[in-house]
Amino acid sequence: MSDDLLHLTQWLSPAFPVSAYAYSHGLEADIAAGRVHDARTATEWIATVLEAGAGRNDALILLGVLAGRDADAMADLARAMAGSAERWEETRAMGAAFAETVAGLGRGDGVARPYPVAVGLAARGLDLPRKSVLSLFLQGFAANLVSVAVRFVPLGQAVGQQMLAEFQPRIMQLADRLCACDPDRIEDHLGAACFGADLAAMEHEDQEVRIYRT
């Protein structure tokens with residue numbers, strides 16, 4: 001097995017210090033409001049964000065960086081696609097932590113950039129197919145949201161693992177579709193079809209009691 005695959009799985013592990021566990025992407029607010037209340041509604045919510053919202057957009061930006069597009073231009077694009085101040089703070093803070101930690105491991109330039117840009121820069125030097133990088137990135141995105149649902153709906157751990165396993169074919173299909181895009185024209189494929197999550201992230205800021213930052 002390639003050492004590069006181990007590097008990537010380490011970087012995208014829940015144990016990697018980017019504080020992904022602190023963000024719910026607005027899911028906490030929708031759980032508190034009762035809009036997400038069981039495994040079915042949690043799966044539908046996560047699938048929408050993954051396939052039509054920030055998960056898809058972040059993976060496209062990651063694809064552009066992997067293909068060699070200018071990192072600072074991609075950072076500007078990531079900021080433009082952040083649907084709320086809360087969403088921007090999430091990707092900014094995670095990216096800064098990722099860049100700093102990976103630089104300490106001898107990868108990347110240590111400059112604080114949005115999370116998918118920072119991951120893409122570090123992964124440029126890995127001898128891995130783009131589909132593998134995108135698939136693991138998307139699985140990490142989904143796994144963090146499943147963890148939120150497990151802890152806060154709440155759902156059992158076994159139910160959460162079943163949900164994540166059921167996401168895997170969808171993740172592979174999404175990675176296939178995204179890899180078919182021209183990296184020089186990813187702007188043509190970006191979208192903002194998931195307003196609900198951004199609204200939930202803003203609503204989250206006004207919650208009287210909250211666990212997650214967004």
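Taking Cα atoms only, the orientation of helix 130-152 departs from the longest principal axis of the chain by about 20 degrees. Gain on full extension, evaluated as 0.36 nm per residue between ALA180 and LEU5 minus their Cα-Cα distance, stands at 60.8 nm.
Taking GLY106, GLY83, GLY120 as the candidate residues, the one with maximal mean-square fluctuation in a Gaussian network model of the chain, Cα springs under 10 Å, is GLY106.
Relative to the dominant Cα principal axis of the chain, helix 71-81 is inclined by about 20°. With a Cα-only, solvent-free Debye model of segment 128-174, what are the log10 I(q)/I(0) values at q = 0.19, 0.21, 0.27 Å⁻¹? For the requested q values the scattering log ratios are -0.58, -0.67, -0.92.
Taken together, the values in this text are just the output of simple stated rules run on the coordinates, not laboratory data. Only a predicted model underlies this, so the values are computations on that prediction, with no experimental measurement involved.
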